[in-house]
Amino acid sequence: MQQPPSHPTATPGSSASSGQSVPEVPGTPAAPADTTGAAGPAASGIAATVSSLMPRAKDELAELVAFRSVADPEQFPRSECEGAAAWVAQALRAEGFQDVAALDTPDGTQSVYGFLPGPQGAPTVLLYAHYDVQPPLDEAAWSTPPFELTDGPDGRWYGRGSADCKGGFVMHLLALRALQANGGLPVSVKVIVEGSEEQGTGGLERYARTHPELLAADTIVIGDAGNFRCGMPTVTTSLRGMTLVRVQVDTLEGNLHSGLFGGAAPDALAALMRTLDSLRDAEGNTVVDGLEAGGSWEGLAYPDEDFRRDAKVLDGVGLVGGGTVSDRLWARPAVTVLGIDCPPVVGATPSVHASARALVSLRIPPGTDTEKAIGLLVAHLESHVPWNARVATEVVGQGQPFSADTSSPAYAAMAEALRTAYDGLEMQTAGMGGSIPLCNALAELYPDAEILLIGLSEPDARIHAVNESVDPRELERMAVAEALFLRTYAQQA
Ligand code: BES
Ligand code: MN
């Protein structure tokens with residue numbers, strides 16, 4: 001089981017300056033923000049309401065986590081996603097949302113929409129989350145049942161999607177309830193909860209592009225990112241895009257005896273391994289012919305030692321790639337082989353393989369167009385297959401990178417809200433290497449809207465891995481921050 005997270009007591013000012021590293025040492029605490037400023041004296045009312053709502057939030061998160069809402073009908077029945085969508089829709093109706101609907105998106109999944117009007121003339125804020133989750137992987141490798149929200153000895157709540165991103169939806173609910181209980185909603189709110197974010201199949205992106213009015217808003221809060229470190233309030237300002245490509249290699253009509261034929265017969269698995277290996281240089285840098293890979297990151301630095309600890313790299317094992325860790329994670333492409341279809345070790349026969357298949361992911365940094373990167377990756381794969389082996393590629397998912405405009409007024413409101421919710425800690429801005437494909441679509445559709453990424457997926461949450469969890473204190477503080485943000489933002493507007 002993991003160690004309880006340590007919380008920094010304070011951090012010096014914004015990290016937007018070049019190369020500043022994550023502060024480890026307590027700095028001068030900011031003035032208490034509870035008495036002045038747009039958050040006002042009522043910030044404590046918001047905090048008290050959220051605190052009192054935490055038991056209910058836990059029950060609700062448990063109900064939501066119980067849906068095995070993996071948006072892949074080859075792995076889980078669609079009814080699990082439909083159940084989660086219906087649950088979200090019902091929760092919105094119970095809060096008084098109007099026009100609540102589970103929208104059928106072009107990839108066969110559903111996104112749940114609702115609208116809650118605020119005061120006349122108030123700005124509109126769109127709150128985003130997704131109810132679909134990653135598959136649990138090896139369920140036996142979990143310390144607790146993946147689809148039962150379970151208390152850990154470290155105080156965290158364990159379960160698939162607890163942080164990514166069912167907890168993000170509960171965060172939105174908490175924030176809205178806190179505002180309703182403390183003077184009312186200061187803005188009009190649209191909520192959209194996507195049903196296939198984790199698949200990269202772009203259902204909601206395509207729906208949004210054909211219904212451009214639906215998600216129009218002055219400001220957008222994406223509740224699917226997370227703090228750079230648990231307890232360190234962070235807004236994510238850049239995301240990599242990504243693509244998923246299947247590559248299949250065929251060489252023979254059928255498998256052959258590796259003694260009788262091995263040495264001359266073209267082995268499809270060997271051809272696939274060579275092809276995949278061509279995607280890295282000796283240092284471990286990603287190499288795709290023609291793809292720019294020398295980017296550098298100008299913001300928050302990620303010291304090697306911190307990264308090794310967060311990634312739980314085994315003693316003595318080296319990191320891969322050149323440049324700083326921040327360059328590699330946030331400003332450069334990265335290829336990962338996600339799966340290979342070939343015979344498993346147990347039951348393998350001494351054979352030369354006729355066919356083999358892999359799923360390759362490529363992360364694409366801001367500044368590179370995903371369509372262009374896909375073209376280069378496919379061309380690279382097809383041209384690096386040896387021995388004239390037959391090769392076929394299929395793009396199964398994709399999303400554009402995203403880069404935020406942090407000079408916008410909403411960022412100032414968020415900085416103030418986070419400082420108040422986190423007892424004077426200053427907001428950090430950080431890049432993230434993960435992808436949320438809808439962000440770029442929203443930025444294109446609504447060029448004037450300000451887009452802020454916050455959430456519960458800090459490194460200890462271990463999203464996408466076994467034993468995913470959420471820190472309830474993080475949920476509580478982020479919900480307070482979101483409520484304060486909406487209030488402060490409305491006062492500015
Ligand atoms: N919430 C994550 C992305 C994320 C995590 C952003 C932490 C910022 C901080 C999101 O749900 C995710 O994992 N997306 C997938 C999308 C892909 C399949 C298209 C990803 O990045 O693998
Ligand atoms: Mn995810």
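With the convex hull drawn over the C-alpha atoms of region 342-414, the volume per residue is 143 Å³. Just want to confirm a number: the relative contact order over the chain, from Cα pairs under 8 angstrom separated by 6+ residues, in percent. Reported as a whole number, the value is 26 percent. Give me the log10 of I(q) over I(0) for region 230-273 at q = 0.18 Å⁻¹, as the Debye formula computes it from C-alpha points; what are the numbers? The Cα Debye sum returns log10 ratios of -0.68. Each other residue within a Cβ distance under 15 Å of Glu74 adds +1 if Lys or Arg and -1 if Asp or Glu, for a net charge of -3. Once the chain from Ser258 to Gln98 is taken as fully extended at 0.36 nm per residue, the excess over their C-alpha distance is 51.1 nm.
Here the sum of -39500 (n - 2.57) over DSSP H runs of 4 or more residues, divided by the residues of the chain, equals -9000 deg cm²/dmol at 222 nm, to the nearest 500. Summing charges over all other residues whose Cβ lies under 15 Å from the Cβ of Ala122, with Lys and Arg as +1 and Asp and Glu as -1, gives +1. Remark: region 55-98 carries 49 Å² of accessible area per residue (probe radius 1.4 Å; ligands, DNA and RNA excluded). Between 0 and 90 degrees, the angle of helix 268-277 with respect to the longest Cα principal axis of the chain falls at about 50 degrees.
Rounded to whole Å, the principal axis extents of the Cα atoms in region 159-258 read 76, 38, 25, largest first.
For a paramagnetic label modelled at 7 Å from the Cα of Asn388 toward its Cβ, which residues of region 265-295 fall within the zone defined by backbone nitrogen distances under 14 Å? Once the point is set 7 Å along Cα→Cβ of Asn388, 266 turn out to lie under 14 Å by backbone N, inside region 265-295.
Per residue, the accessible area of region 143-216 comes to 27 Å² when a 1.4 Å probe rolls over the protein heavy atoms.
In the chain, the longest principal axis of the Cα atoms and the axis of helix 78-94 are about 10 degrees apart. Residue separation of Glu283 and Gln180 scaled by 0.36 nm, minus their Cα-Cα distance, works out to 31.6 nm of gained length.
Solvent-free Debye calculation, one equal scatterer per alpha-carbon of the chain: log10 I(q)/I(0) at 0.07, 0.09, 0.13 Å⁻¹ equals -0.39, -0.63, -1.28. Accessible surface for Ser143 stands near 80 Å², nearest 10, in the context of the full protein assembly shown (1.4 Å probe). When the accessible area of region 44-147 is split by element with a 1.4 Å probe, what percent falls to carbon and sulfur? Here carbon and sulfur together make up 50 percent of the probe-accessible area. Modelled spin labels at Gln491 and Val320, positioned 7 Å past Cα toward Cβ, are 4.9 nm from each other. Relative to the longest principal axis of the Cα atoms of the chain, the long axis of helix 472-492 makes an angle of roughly 60 degrees.
Applying 0.36 nm per residue to the separation of Arg206 and Arg308 and subtracting their alpha-carbon distance, the gain on full extension is 32.9 nm. For region 193-337, a Kirkwood radius taken over Cα pairs fed into Stokes-Einstein (25 °C, viscosity 0.890 mPa s) yields D = 124 µm²/s.
Give, as a single signed number, the net charge of other residues whose beta carbon lies under 15 Å from the beta carbon of Ala465, with Lys and Arg counted +1 and Asp and Glu -1. Summing Lys and Arg as +1 and Asp and Glu as -1 gives -4.
The values are calculated or read from the model by the stated rules, or taken from the named source; none is laboratory data. These numbers come from a predicted model, not from an experiment. For neighbour counting, all protein chains shown are included, and Cβ atoms are generated from backbone atoms with ideal geometry for every residue, glycine included. We work out accessible area using only protein heavy atoms, side chains counted, and drop any ligands, DNA or RNA first. Shrake-Rupley method; radii C 1.70, N 1.55, O 1.52, S 1.80 Å.
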